[in-house]
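Notes to accompany the following structure.
The values are calculated or read from the model by the stated rules, or taken from the named source; none is laboratory data. The structure presented is a predicted model; accordingly, all values stated were derived computationally and were not measured. Cβ placement follows ideal geometry from the backbone for every residue including glycine, while neighbour counts extend to all protein chains displayed. These area figures cover heavy atoms from the full protein model, side chains too; ligands, DNA and RNA do not enter into them. Shrake-Rupley method; radii C 1.70, N 1.55, O 1.52, S 1.80 Å.
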Amino acid sequence: FGTILFDLRRSRRRIVLLACLLLTSILSISSMITNSLALTAVLAAAASSPFSEAFTPVSISRVTRSISSFETHVVMSNNRNRSTELAMSSFLGMDEDDDEDEDEDEDDEDDELATAGRYSGAKSPFTGLKLDPWDPNPIIKPRPSRYFKDKDTQLVPDDQLVQTMTPEERKENLAVMRNIRKNDLPDLRMRKDHAGWVEANNDMKRRYAKDVWFGVNERLREASQLGKSEEEIQRLKDLAAKVGGPPEGITLGPRGYAVHTEIYDIGISASRASAMLEREMRLERAAQGRAMMAERKKNLEAEQRQFEEDMRNPGVREDREAKERRERVMSRLMAEIEEDNKKKMERAKEILGKVPETPKNRTSAMQKALEEAREEVKKARREQLGRAAAEGMLGADEDEADARPKSSADVAREQAAAEAAGGRPRLPGDEDVTRGELGDLAIESSSTATTGPLTVEVSSTYNKEQSDPPMRKHCFQYTIRITNNSPTDTIQLLGRRFEIQTVGSSMKDVVQGEGVTGRQPILKPGEVFEYTSTAPLSVRPIGTTIIAARMKGEYRYVVLSAGQETATPEQVEAGGNATAELGTFHFIFPEEQRVTPFTPSDDDDEEEDDEDDVEAPAQSVGSAFTKVAEKAPAAKSEAAAASTPSPSPTSTLPGDPDMISGKISIKLNDSSDVVSDGVRVGVTSSYRPERSDAGQDKHCFAYNIRITNESEKSIQLVSRRFEIQTIGSQNKDVVQGPGVTGRQPILKPGESFEYTSTAPLSVKPMLDQTPVVARMQGEYNFVVLSDDGTTPISSNPLQAKLGSFHFILPALDIA
């Protein structure tokens, strides 16, 4: 029965037929005629139009068919023979079922045609589109909102907009709107009072529409966000100002309009805050990722540059890192020492109640001690002048002084006296003279200074007759002229004091004494006292400066009173009452004794790094230790002098034929190791591509030379001589000069002297013949020293050969 009721929705004709078939089946099983008649009546009622319409969609209209004939047939069939009825019903039912199916299909087609004809011209009143009767989602009228306005709503023209509310009413209206939005609506929603919520929301909308500024503000916001023209936006701003602007309580930002949250004073919600925070976190992570990628790219580029630098200059990075490690260690040690000194000062302050006055460093301590010692020596010398008859008293005073405890000045004086040669005191020297780098300071061999009534003039010259350069003995002669410029006063010179510092020395020798050249001359107004003296110096020239020493000083004098012929013993003892300055001047080597540093010509590469042109610091290496020699800041490459066109070589020699033709007849080697007269000279060379320019035929090479004393005596290198021939050149350039890198090092047995220099060559290679661009050889002259390690045994120097080697371009494989 349920199946029959389900099929009723499709066709009333099919319902009747199915009911007949079911009834026939039931009658064939049961003999209860009464039940069959009742069931037939029920089915007939179900097939009627009111019952079937309950299961039929109202949008589809069906034609009601009569079943009176069906009922008559059923009643009449009950009076027939049951067996004949059952037999015939089975056969006839099959044919009838087929006919009924065909009729049903025709009815369905008729219904579809009727429905299609009924809705074929229907259109939506809202969109104007044709309606589809079989669409499960038909278009319905949208609910009016701020985005969908009802067409029936009457809009007031802009020129007729007038604010009808007073400022107080607008303020109160805004307060009520905010209260409804922030309090009433959430409360009604929580209580699920839909009717109250709708009423409150409509009240808020009415109040919103009552103040015309809200509508103008909404239009201004849409115009700004939709990117309308500036004229339209300005017109709306003027219209908003015309209607009174925003009510009190709403502040417009730089945008010129208020948004929903500003109107209703709604704070940020938790979900929005969470979303904003999440967005900021994503942006921050993205920025961190970009920064990490940029850092990684930067590190990769730095690694690539470092790799390329290591390939070009192997070992340079390790040396730099070692230097940085040493600097870090020294900084840490100095910081620890500073912290330790600070703790000691605090401890001393706790014990003594005050911080003791101590020198800041060793140099200042030495200067202070030497100053005290100098003053005491002056006082002692003054007491001795003219006091020969009082030697016993002086002896008693000395005994008394010996009995007293020694002060720090006494100890410093003894130390200074012990360090001084010939018992003369010494002072810390000037740093520029110690380094041999005078910078921009004017180097003068004379000076003039006027102090009070005296003018002291000095001039110096080199005394070649009394000098012995191979023994490092250089004698200078200086003449001093002292003039009394006073028109009335007579002056007597009582003593002198000079400070002399040789180049390379860290100390100054102090020479002082009574009188001048053994006398105490008296100068009347306008008179002049002049004398000449010599200064024998033990010094060797260096390549960074032309001076041998610096000298300055002062003269002590006393002004004699009228009628006084000479100074009194008291005046002599006091050492005079004034001093006259001897201006600073220098003892300058003559041209033949100077070590001239290499100066690059204008044709050389101006972009070359100065530090690369300077020879590396020399090292003196013993069998069990290494000692680093002082750096020669201005000593240039010897080979550079032979390869650059500006400085002319000392001399030239005929070149080797194989170098002229480019067909090298000897083995190609970029290094050599030769032992001669007990001295080993080893050399290695390498190409410097970063300082070369093949396009301009400029090729730079670096070569490292190591000189080792393998003899049993100490030696001193005194000069060098190199021969360099570039490929294709007809001649050899000969470069020679005193010393090595501006010095004349002393090598004890087993010790070594090592330095590195560069050879920038301007040469066109013969790559079709050979990768060699130059050949170099030479020798070092040295003298053997006696057992004291300073005095030469003979003035005839010996030679340590520098074996022949080549400067080879790395572009070709020479194996």
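Select the helices (runs of 4 or more DSSP H) contained entirely in the range 167-260, then report the ones holding at least 1 residues which are touching a residue at least 60 places away in the same chain (Cβ under 8 Å).
Per the criteria, 167-179, 212-225, 230-242.
Within the range 781-796, work out how many residues are over 15 Å from Val718 (Cα atoms) and either part of a strand (DSSP E or B) or among the acidic types (Asp, Glu) (or both).
Within the range 781-796, residues that are over 15 Å from Val718 (Cα atoms) and either part of a strand (DSSP E or B) or among the acidic types (Asp, Glu) (or both) number 2.
Can you spot a residue in the range 638-658 that is modelled with pLDDT of 50 or more and among the aliphatic types (A, V, I, L, M)?
Looking for residues that are modelled with pLDDT of 50 or more and among the aliphatic types (A, V, I, L, M), one finds at least one in the range 638-658, hence yes.
Please find, among Asp440, Asp509, Asp489, the residue that is in contact with an Asp or Glu (Cβ under 8 Å, 6 or more places away or on another chain) and either touching a residue at least 40 places away in the same chain (Cβ under 8 Å) or open to solvent by 40 Å² or more (accessible area, probe 1.4 Å) (or both).
The match here is Asp509.
Do we have Pro469 as open to solvent by 20 Å² or more (accessible area, probe 1.4 Å) and under 60 Å from the mean Cα position of the chain (by Cα) here?
yes
Do you know which of the residues in the range 230-263 that are of a type in the set (Ser, Thr, Tyr) and modelled with pLDDT under 90 is nearest to Glu169 (Cα to Cα)?
Filtering the range 230-263 for residues that are of a type in the set (Ser, Thr, Tyr) and modelled with pLDDT under 90, the one nearest to Glu169 (Cα to Cα) comes out as Thr251.
Of (1) in contact with a Cys (Cβ under 8 Å, 6 or more places away or on another chain); (2) of a type outside the set (Ser, Thr, Tyr); (3) open to solvent by 10 Å² or more (accessible area, probe 1.4 Å), Ala759 satisfies all except one. Which?
(3)
Specify which of the listed residues (Gln725, Gln799) is in contact (Cβ under 8 Å) with a residue 12 or more places away in the chain, in a strand (DSSP E or B) and surrounded by fewer than 17 Cβ atoms within 10 Å (Cβ to Cβ).
Being in contact (Cβ under 8 Å) with a residue 12 or more places away in the chain, in a strand (DSSP E or B) and surrounded by fewer than 17 Cβ atoms within 10 Å (Cβ to Cβ) holds for just one of Gln725, Gln799, which is Gln799.
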